[in-house]
Amino acid sequence: MKTYKKIIRMICTVFEIVAAVSLGAMVVVVSIHIIMRYFFHNAPGWGEEMARQFMILFCFIAMALGVRDKLHIALTIVADRVLKNFRLPLEILGKVLIFVLGIMMSSFMGPYFTKLKFNRLPGTGIPVGYQYVFPTMVGVLMSLIAVYQIYDHFKYGTDEEQRKKEERLKETSS
């Protein structure tokens, strides 16, 4: 499982780089678009379209990385109110649902690439189907992340117990 986690971490690192480049490119494109529109009264037709594509890319990658870092929206009010014995099954159920969501994302968005690859965006001429490549890959990545998180729950307990163990390890190594 350690090798599996290392591979997932490397994939996530690549996605983080892509997200950072996408965010930077979106800022540059929006800046160019604003400057051209307000100062030269001649906005490029591709500006809004490219900014939207970079935003889609960034948001989907951020969603997968949020699942990895456990920063996603969680209904902790339910888990905090129930007995301690039910927390682990609830967290495992949540990770199983994330796994299913990832599979559904990849299986439902994947076919759009082949269906829409001949349609083109009007401003850039990019095939519309390419919009669905990253969400499909992100769905697979979310499922892979959920698998090792489910494994960690069975091996190490709840997220809170895992955090406490990590903190103890950091204290002993310092």
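Among the residues making up region 133-167, those that are in a helix (DSSP H, G or I) and among the polar types (S, T, N, Q) are 136, 143, 149, 162. Scan region 106-119 and tell me whether some residue there is small (Gly, Ala, Ser), under 30 Å from residue 153 (Cβ atoms) and surrounded by 15 or more Cβ atoms within 10 Å (Cβ to Cβ). Looking for residues that are small (Gly, Ala, Ser), under 30 Å from residue 153 (Cβ atoms) and surrounded by 15 or more Cβ atoms within 10 Å (Cβ to Cβ), one finds at least one in region 106-119, hence yes. In region 124-136, the residues that are within 14 Å of residue 57 (Cα to Cα) form Cβ pairs under 6 Å with partners that are charged (D, E, K, R) and modelled with pLDDT under 85, at six or more places apart or across chains, as follows: 129/117. Considering (1) under 13 Å from the mean Cα position of the chain (by Cα); (2) modelled with pLDDT of 85 or more, the lone condition that residue 71 does not fulfil carries the number (2). The residue pairs whose first member lies in region 1-16 and is closer than 17 Å to residue 143 by Cβ, whose second member is in a helix (DSSP H, G or I) and among the aromatic types (Phe, Trp, Tyr), and whose beta carbons are closer than 7 Å, counting only pairs six or more residues apart or on different chains, are 1/148; 1/151; 4/148; 5/148; 8/148.
Here is a yes/no grid of residues against (1) surrounded by fewer than 18 Cβ atoms within 10 Å (Cβ to Cβ); (2) over 11 Å from residue 91 (Cβ atoms):
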| position | (1), (2) |
| --- | --- |
| 130 | yes, yes |
| 135 | no, yes |
| 154 | yes, no |
| 160 | yes, no |
| 165 | yes, yes |
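Remark: pairs (first residue in region 85-97, within 13 Å of residue 159 (Cβ to Cβ); second residue hydroxyl-bearing (Ser, Thr, Tyr) and at pLDDT below 90; Cβ separation under 8 Å; 6+ apart in sequence or on different chains) = 87/158; 88/158; 91/158.
The set of residues from region 29-48 being surrounded by 13 or more Cβ atoms within 10 Å (Cβ to Cβ) and either out of contact with any Asp or Glu (no Cβ under 9 Å at 6 or more places or on another chain) or not in a helix (DSSP H, G or I) (or both) comprises 32, 36, 37, 43, 44, 46, 47, 48.
The values are calculated or read from the model by the stated rules, or taken from the named source; none is laboratory data. Treat the numbers as computed from the prediction; the structure is a model and nothing was measured. Glycine gets a Cβ as well: all are built from the backbone with ideal geometry, and neighbour counts include every protein chain shown.
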